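The next block holds one structure in the form of structure tokens; read it before the comments.
The values are calculated or read from the model by the stated rules, or taken from the named source; none is laboratory data. Just so we're clear, the structure is a prediction, and the values are computed from it rather than from any experiment. Cβ placement follows ideal geometry from the backbone for every residue including glycine, while neighbour counts extend to all protein chains displayed.
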Protein chains: 2
Amino acid sequence: MAKGFKKNIGETIKKYRLATRMSQMALAEKIGISYQQLQKYEKGINNISVYRLQQISEALRIPISRLLEGQEPEKVAEEISEYGLSKEEKTLLDLFRKIDNKDIKRGLLLELKGIAEILKKRGID
Amino acid sequence: MAKGFKKNIGETIKKYRLATRMSQMALAEKIGISYQQLQKYEKGINNISVYRLQQISEALRIPISRLLEGQEPEKVAEEISEYGLSKEEKTLLDLFRKIDNKDIKRGLLLELKGIAEILKKRGID
DNA sequence: TAGTATATACAACCATTGGTTGTAAAATGT
DNA sequence: ACATTTTACAACCAATGGTTGTATATACTA
């Protein structure tokens, strides 16, 4: 399940741990797990829960975002504009708003509805 | 294991999901799990791994940090879902989002663009 | 150099939970 | 009022989060 991902974040943890000159044992004890388990995190053998990452970030005295860096795919960041609207959706809205003719607007909505219907049915068949 | 924490983040996810007007099923399918499993996340029954959170943030088109901030639920939902959209515009968005075919989407945008153009010129002439 | 302590690695094992399907109740749309 | 969507909840199972035990490096100090 997305090994690459896990590995990356584990490596990041290790990096910061070493930077703090902390042993696996020290860190593990601080967050209340065995150092062997921490090993699994660092090696990407086990998934890291958000909760654990939280603990680790506290133990290492760094913000969680630091540990996540390199995880956030570029495209997403770009795609996001404001309030959950994608660029595409924003464009859609902008264009729609430019049309001041009520009938045309309604027609467009009907058209969209039709298309959605068709796609949906085709998906089922 | 730190139930409170999990619950919070699950609730945050739910808020954002609703803000995007996405059903549990829709979101779950997007990230490749059953909607029942997503329920467990939202309810704080199961831990959320960083990996999953990553997927969710992508599906909801928001940066991971948003989900990590222990934010006031009320605000978020309103802030986003309302966002000054008229009923008509909300419908537009809903329909547009139902279309999962990228080409069709692009086609629609082009069409809209065309219409906007024409109306504009006619308005001038 | 040996000897002790520290740090990391790896295997075997078990309890928990991450994940599934099935069924039922709300909610929503027409 | 009826059909469809959406959400909730229970039962179940495989996977993994977590443990201890042992082995191998890597220091430190006498």
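Details
- Among the residues of region A:1-35, just one is modelled with pLDDT under 95, surrounded by 15 or more Cβ atoms within 10 Å (Cβ to Cβ) and assigned to a loop (DSSP other than H, G, I, E, B), namely A:MET22.
- Among the residues of region A:36-66, the one identified as among the aromatic types (Phe, Trp, Tyr) and modelled with pLDDT under 95 is A:TYR51.
- Residue in region B:36-71 that is farthest from DNA strand D (Cβ to nearest atom), counting only those that are crowded, with 18+ Cβ neighbours inside 10 Å and hydroxyl-bearing (Ser, Thr, Tyr): B:SER57
- Number of residues in region B:14-35 that are touching a residue at least 24 places away in the same chain (Cβ under 8 Å), of a type outside the set (A, V, I, L, M, F, W, C) and more than 10 Å from DNA strand D (Cβ to nearest atom): the value is 4.
- The residues in region A:67-105 that are more than 18 Å from B:LYS105 (Cα to Cα), more than 8 Å from chain B (Cβ to nearest Cβ) and at pLDDT 75 or above can be counted, and the count is 4.
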